[in-house]
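Participant: Mind having a look at this structure? Questions to follow.
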Amino acid sequence: MASILKNLLTDIAGVRVGHADDARLASGVTAVLFDKPAVAAIDVRGGGPGTREEAALRPESTVEAVDGFALSGGSALGLDAASGVQAWLAEQGRGLKIRDAVIPIVPGAICFDLLNGGDKAWGRFPPYRDLGYAAAAAAGTDFALGSVGAGLGATTATFKGGLGSASAVTSSGVVVAALVVVNAVGSVTVGNGPWFWAAPFEVAGEFGARGLPSSFTPDMLAIRLKGAPVATSMENTTIAVVVTDATLTKAQAKRFAMIAQTGMARAIYPVHAPLDGDAVFAAATCEKPIDPIYGLTELGATAANALSRAIARGVYMATALHFPGALPAWKDRFG
């Protein structure tokens with residue numbers, strides 16, 4: 001594999017990421033922005049998703065490209081984050097132009113973090129529109145991982161969740177990268193130990209270099225569910241963005257998203273449950289042509305591996321919330 005640059009989504013030229021969050025709220029927003037509109041699609045596998053503009057991303061829908069994505073905490077109340085991202089883009093004159101109108105296209109997805117101990121008594125209107133604006137304004141090529149942005153309030157079945165990212169390069173030199181908010185109903189680690197399910201795909205010790213256990217006990221393989229048996233369909237969700245500089249049609253971007261989402265199954269156990277809202281946005285900046293069959297297959301497989309790594313990195317880099325009874329961070333236990 002060719003050398004990895006920053007191991008971030010912004011290794012794709014023309015992509016920027018920004019965070020805005022509130023420690024008292026224990027929630028936040030992450031904005032992904034494109035310097036030029038990017039061809040986009042979505043693949044949803046979880047049973048309890050929360051999305052905005054999902055229909056516009058279907059291959060049969062008219063709009064071909066997006067200006068950015070908004071990932072947010074707050075459950076359905078956080079979908080308004082995309083309005084804040086839109087507002088910032090509109091101020092820059094960026095968006096779909098229809099005569100004199102300019103409409104920024106910003107799909108979004110949310111995760112449930114309303115019961116993590118933060119103060120959610122925000123009054124009449126939730127703060128996510130303003131957080132979305134701030135995240136867009138802060139977007140750049142460097143960004144933090146772990147308990148930041150939309151990952152600030154994220155949790156898993158065993159450890160504090162968070163925001164992760166990873167990148168890779170295909171054999172033909174096409175760059176692919178993933179960004180993910182890990183708020184899963186399942187576990188990202190093997191049992192309660194230090195091993196990540198994504199260990200076979202780790203690069204350069206990016207999430208601790210612990211590998212996998214030498215053997216698996218029944219306890220390691222026991223299904224651990226966050227909040228069971230009282231969890232609801234809106235308490236979880238892993239939401240991700242995968243981006244490439246390959247040239248894709250909208251239909252190919254859909255297939256790219258579908259293959260990439262298999263990376264969740266390699267990193268989270270269990271996944272795509274009725275209690276999850278798992279969704280993957282895919283985008284292409286269309287700088288490099290690829291073979292439509294084998295090239296697209298390799299691209300999706302590479303993205304799946306990067307998504308697995310990003311999931312583990314999100315948990316590995318997370319820090320615990322400062323509330324009574326908060327889940328420990330992985331590093332709290334394993335350093």
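Participant: By its C-alpha gyration tensor, with a ≥ b ≥ c as the square roots of the eigenvalues, how is the stretch 104-226 shaped: rounded for a/c under 1.5, else prolate for a/b larger than b/c, else oblate?
Facilitator: On the way: a/c = 2.74, a/b = 1.30, b/c = 2.11.
Because a/c hits 1.5 or more and a/b fails to exceed b/c, the stretch 104-226 counts as oblate.
Participant: Also, quick follow-up: For the chain, with a Gaussian network of springs between Cα atoms less than 10 Å apart, report the residue from 156, 244, 262 with the top mean-square fluctuation.
Facilitator: 262
Participant: Roughly how many debye, to the nearest 20, is the charge dipole of the chain about its Cα centre, given +1 on each Lys and Arg Cβ, -1 on each Asp and Glu Cβ, and no other charges?
Facilitator: 280
Participant: Strictly over 22 Å apart at the Cα level, which of 6/288; 6/226; 6/254; 36/97; 97/250 would you flag in this model? Before the final figure, lay out each step's value.
Facilitator: Numbers: 6/288 20 Å; 6/226 32 Å; 6/254 26 Å; 36/97 13 Å; 97/250 19 Å.
Cα-Cα > 22 Å for 6/226; 6/254; rest within.
Participant: In the chain, with Lys and Arg counted as +1 and Asp and Glu as -1 at Cβ, which of these residues, 243, 213, 74, has the Cα nearest the positive end of the dipole, that is, farthest along it?
Facilitator: Comparing the listed Cα positions along the dipole, 213 ranks first.
Participant: Treating the beta-carbon of each Lys and Arg as +1 and of each Asp and Glu as -1, no other charges, what is the dipole magnitude of the stretch 1-71 about its Cα centre, to the nearest 20 debye? Before the final figure, lay out the partial values.
Facilitator: Details: 7 positive and 10 negative charges, 38 e Å.
Using Cβ point charges on Lys, Arg, Asp and Glu, the stretch 1-71 gives about 180 debye.
Participant: Tabulate in residue order the Karplus-calculated ³J(HN,Hα) for the stretch 34-39, using 6.51 cos²θ - 1.76 cosθ + 1.60 with θ = phi - 60°, rounded to whole Hz; enter x for Gly and Pro.
Facilitator: Ordered by residue, 3J(HN,Hα) equals 10, 4, 10, x, 10, 4 Hz.
Participant: Solvent-accessible area per residue for the chain at a 1.4 Å probe radius, Å²?
Facilitator: I get 39 Å² per residue for the chain.
Participant: While we're on this one: Please name whichever of 170, 192, 132 sits farthest to the positive end of the charge dipole of the chain, dipole taken about the Cα centre and charges placed at Cβ: Lys and Arg +1, Asp and Glu -1.
Facilitator: Checked the options; the winner is 192.
Participant: Can you give me the % of accessible surface on the chain that is carbon or sulfur? Probe 1.4 Å, all protein chains present, nothing else counted.
Facilitator: Numbers: 7320 of 12920 Å².
About 57 percent, which is the carbon plus sulfur part of the accessible surface.
Participant: Given N residues in the stretch 147-300, what is its alpha carbon radius of gyration divided by 2.2 N^0.38 Å?
Facilitator: For the stretch 147-300, the normalised Cα radius of gyration is 1.10.
Participant: Which shape class, rounded, prolate or oblate, goes with the stretch 1-114 when its Cα gyration tensor gives a ≥ b ≥ c as root eigenvalues, a/c under 1.5 marks rounded, and past that a/b bigger than b/c marks prolate? Don't skip to the answer; put the middle values down first.
Facilitator: On the way: a/c = 1.31, a/b = 1.11, b/c = 1.18.
It comes out rounded by the Cα gyration axes.
Participant: Further question on the same structure: Between exposed trypsin sites (Lys or Arg not before Pro) in the chain, where DSSP calls loop and at most 15 other Cβ atoms lie within 10 Å, what's the longest gap? Can you show the working numbers first?
Facilitator: Values: sites that count: 6, 24, 99, 124.
Longest run free of exposed loop sites: 125-335.
Participant: Calculated from DSSP H runs of 4 or more alone, at -39500 (n - 2.57) each and per residue, what is the 222 nm mean residue ellipticity of the chain, nearest 500? Each step should come with its number before you reach the end.
Facilitator: Numbers: 6 runs with 71 residues, N = 335.
Taking each H run of at least 4 residues, the total per residue is -6500 deg cm²/dmol.
Participant: With log10 I(q)/I(0) by the Debye sum over Cα atoms at q = 0.07, 0.08, 0.09, 0.10 Å⁻¹ as the read-out, I listed (i) -0.27, -0.36, -0.46, -0.57; (ii) -0.24, -0.32, -0.40, -0.50; (iii) -0.45, -0.56, -0.66, -0.76; which label goes with the value calculated from this structure?
Facilitator: (ii)
Participant: Could you size up the charge dipole of the stretch 111-261 around its Cα centre, putting +1 on the beta carbon of Lys and Arg and -1 on that of Asp and Glu, and report it in debye to the nearest 20?
Facilitator: Values: 10 positive and 9 negative charges, 77 e Å.
Dipole magnitude for the stretch 111-261 comes out near 380 debye.
Participant: Per residue of the stretch 248-265, what does 6.51 cos²θ - 1.76 cosθ + 1.60 with θ = phi - 60° give for ³J(HN,Hα)? Whole Hz please, x for Gly and Pro, Karplus curve as stated.
Facilitator: Taking θ as phi minus 60°, the curve returns 10, 7, 5, 5, 5, 4, 4, 5, 4, 5, 5, 5, 4, 5, 4, x, 5, 5 Hz for the stretch 248-265.
The values are calculated or read from the model by the stated rules, or taken from the named source; none is laboratory data. These numbers come from a predicted model, not from an experiment. Methodologically, a virtual Cβ is constructed for each residue, glycine included, from the backbone with ideal geometry; neighbour enumeration extends over all protein chains shown. Remember, those area values only see protein heavy atoms, side chains included, never the ligands or the DNA or RNA. Shrake-Rupley method; radii C 1.70, N 1.55, O 1.52, S 1.80 Å.
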